[in-house]
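Here the structure comes first, spelled out in structure tokens, and everything after it is commentary.
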Amino acid sequence: MLRPSIIASCLLGLLLLAVPARAASTPPWGTGESQGEDLSILLVTFSPGDDVPSWWGHGSLVVEDRRLRQSRLYNYGMFSFDEAMLARFAMGRLEFWVGQSSVAGTFRHYQAEDRDVRVQELNLTPEQRVLVAKRLADNVLPENRDYLYHHYNDNCVTRLRDMIDVAVGGQLREADLAPGRMTLREHTRRYTAVNAPMSVLLDFMMNDEIDRPVTKWEEAFLPDELEAQVAALQVKGPDGQPESLVAKQWNAYESATRKRPPVEPPAWGPWILALGVALGGLAVGLAAWERQRGSRLARVLLGVETAVVGLALGLPGTALFIMGLVTDHTVTHRNENLFLANPLTLLALPFGVALTWGSQKARARLFKVWTFLAASGVLGVLLKVLPPFDQDNWRLIALILPISLGMAGAFGLDRVLARLPGADRASAGRRDAVASLKTP
């Protein structure tokens with residue numbers, strides 16, 4: 001059963017990253033003391049973890065001054081967890097900032113979580129190293145450090161991508177103009193495949209913004225994608241000849257058991273459809289059992305299923321409706337999944353509870369609710385012939401539309417059978433006799 005706090009944590013899973021504490025003093029490359037020949041710039045990629053916030057992995061840049069024996073890790077994934085954080089998140093206005101921390105301490109943090117720590121030393125000129133190091137030192141200053149977080153467009157990894165691109169004179173962006181491997185939704189499905197219910201919920205909350213074709217540049221919102229692109233990039237060296245952007249790479253820590261995200265999104269469509277058909281069919285079966293046998297148990301089970309489904313679909317539907325109206329989460333706006341589940345779906349909860357007590361009014365109201373939702377879902381499918389309705393929500397249609405159709409059929413069963421010639425009046429009489437003993 002989904003609670004509002006669970007829905008919030010699901011969405012927040014697109015945002016939050018666990019990070020160690022920030023170091024305080026200004027490093028020598030921030031004061032101009034470091035020399036380019038003594039600096040190393042490292043791109044560090046941390047593999048995904050076990051909880052929702054860490055499913056996406058993480059990335060950071062490290063600056064080392066070998067002569068002065070100092071190093072710092074720069075992390076753009078920091079945020080303030082205070083009493084106003086949830087309100088800012090709910091409105092799509094959550095600010096992140098870049099902080100600096102100990103390299104060894106950060107590596108130990110991720111090793112303790114059994115997450116890979118992969119390091120790439122960037123093949124930059126001394127001037128380029130000074131540029132990157134100075135920019136990072138400037139970015140952590142209070143007047144520069146904050147930015148408005150967006151999971152796909154402006155996050156802790158896209159900031160690294162942009163920094164590297166500036167260092168190599170735009171060559172990374174030029175190479176990344178090529179078409180991406182898949183859409184942002186497909187990447188999201190890959191990384192959330194570790195938890196099917198959460199994956200479907202996040203899929204439900206996002207509109208067609210993440211369904212359009214993207215470039216490799218846009219795919220680099222993911223740490224693993226940026227790592228691969230940096231490894232493949234050939235840049236012009238000092239002599240004008242192409243050379244690898246990565247001078248060398250190594251694993252500071254490698255988990256013996258943790259698997260990388262799947263290369264392709266999982267093919268869950270048939271299983272999701274089977275679940276939707278099963279839940280819709282269960283409602284029809286319980287209604288038929290109740291009518292033919294006058295079974296109180298069948299009525300109670302139908303009421304329970306109705307209430308649970310109403311809650312499970314109605315909460316995210318209501319959250320999506322509100323977020324689409326009043327927040328800055330643009331990926332929730334104009335979401336076609338509102339045809340399938342919306343605030344009206346929540347009415348199935350109280351009416352379903354009332355049905356377990358035998359309320360005939362609840363039965364009639366449930367017929368109207370589910371008939372409207374089934375018709376709305378069918379309309380959402382029919383509208384897909386029009387170009388604006390291009391959201392890739394077939395997984396949600398496969399799950400929710402069969403449920404709505406089954407529920408509408410279950411509560412319309414009496415109406416249908418009553419119109420058939422030779423309907424079983426004795427069976428209907430038994431059902432009515434049982435129902436009359438219950439609270440109207």
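General observations
- Carbon + sulfur, % of accessible area of the chain - ligands and nucleic acids excluded, 1.4 Å: 61 percent
- Annotation: amide H-H contacts under 5 Å for G59 (H modelled 1.01 Å from N, sequence separation of 5 or more, or interchain): F46.
- Note on L379 and R93: with the Förster distance fixed at 51 Å, the Cβ-Cβ geometry gives a FRET efficiency of about 0.95.
- Between the amide H of A193 and any residue lying 5 or more places away or on another chain, no distance stays under 5 Å, with hydrogens modeled in the peptide plane.
- Here's the picture: charge each Lys and Arg Cβ at +1 and each Asp and Glu Cβ at -1 in the chain, and of L141, L73, G352 the one pushed furthest to the positive end of that dipole is G352.
- Highest mean first, the peptides 105-112, 338-345 sorted by other C-beta atoms within 10 Å per residue fall in the order 338-345, 105-112.
- Proximal aspartates and glutamates to K368, defined as alpha-carbon separation beneath 19 angstrom and excluding residues fewer than eight positions away on the same chain: E305, D414
- Candidate residues D38, D50: accessible-area rank, largest first, probe 1.4 Å: D50, D38
- Where R173, R334 fall by accessible area, highest first, once all protein chains stay in place (1.4 Å): R334, R173
- Our summary gives the chain a relative contact order of 16 percent, counting only alpha carbon pairs under 8 angstrom and 6 or more residues apart.
- Cross-link pairs K216/K248; K236/K259; K134/K236; K134/K259 - those with Cα-Cα distance over 28 Å: K236/K259; K134/K259
- Positive minus negative residues near D116 (Lys, Arg vs Asp, Glu; Cβ under 12 Å): 0
- Extension gain, E243 back to E33 (0.36 nm per residue minus Cα-Cα distance, nm): 72.7 nm
- Heavy atoms of H150: accessible area, 1.4 Å probe, square angstrom to 10: 50 Å²
- Integer Hz, Karplus 6.51/-1.76/1.60 couplings in order for segment 310-326, x for Gly and Pro: x, 5, 5, 9, x, 4, x, x, 5, 4, 5, 4, 5, 5, x, 8, 10
- Of the residues T192, L382, L202, the one whose Cα sits farthest toward the positive end of the charge dipole of the chain, with +1 on the Cβ of Lys and Arg and -1 on the Cβ of Asp and Glu, is L382.
- When the residues L347, L401 are ordered by accessible surface, computed with a 1.4 Å probe over the protein chains alone, the sequence from largest down reads L347, L401.
- ³J(HN,Hα) computed for each position of segment 286-296 - Karplus, 6.51 cos²θ - 1.76 cosθ + 1.60, integer Hz, glycine/proline x: 5, 5, 5, 4, 4, 5, 6, 10, x, 7, 5
- Mean separation of Cα pairs under 8 Å and 6 or more residues apart, divided by the residue count, gives segment 84-191 a relative contact order of 31 percent.
- Positive-pole candidate from H151, A104, L172, dipole of segment 93-179, charges at beta carbon: A104
- Note, ³J(HN,Hα) from phi for segment 143-152, Karplus 6.51, -1.76, 1.60, rounded to Hz, x at Gly and Pro: 6, 10, 7, 7, 8, 7, 6, 9, 4, 9
- Label-point separation, K259 to L177 (7 Å along Cα→Cβ), nm: 3.9 nm
- In nm, spacing of pseudo-spin labels at R69 and E127 (7 Å Cα→C-beta vector): 3.2 nm
- Between R108 and S80, the FRET efficiency estimated from the beta carbon spacing at R0 = 30 angstrom works out to 0.80.
- Helix 158-167 axis, angle to the chain major axis (alpha carbon atoms, nearest 10°): 30 degrees
- For V246, distant residues with modelled amide H under 5 Å away: N123
- Calculated SAXS-style log₁₀ I(q)/I(0) at q = 0.06, 0.07, 0.08, 0.12 Å⁻¹ - the chain, Debye, Cα scatterers: -0.35, -0.46, -0.57, -0.98
The values are calculated or read from the model by the stated rules, or taken from the named source; none is laboratory data. Please read these numbers as outputs of a predicted model, since none were measured by experiment. We place every Cβ from the backbone using ideal geometry, glycine too, and count neighbours over all the protein chains shown. Just the protein is used for accessible areas: all its heavy atoms, side chains included, with ligands, DNA and RNA removed. Shrake-Rupley method; radii C 1.70, N 1.55, O 1.52, S 1.80 Å.
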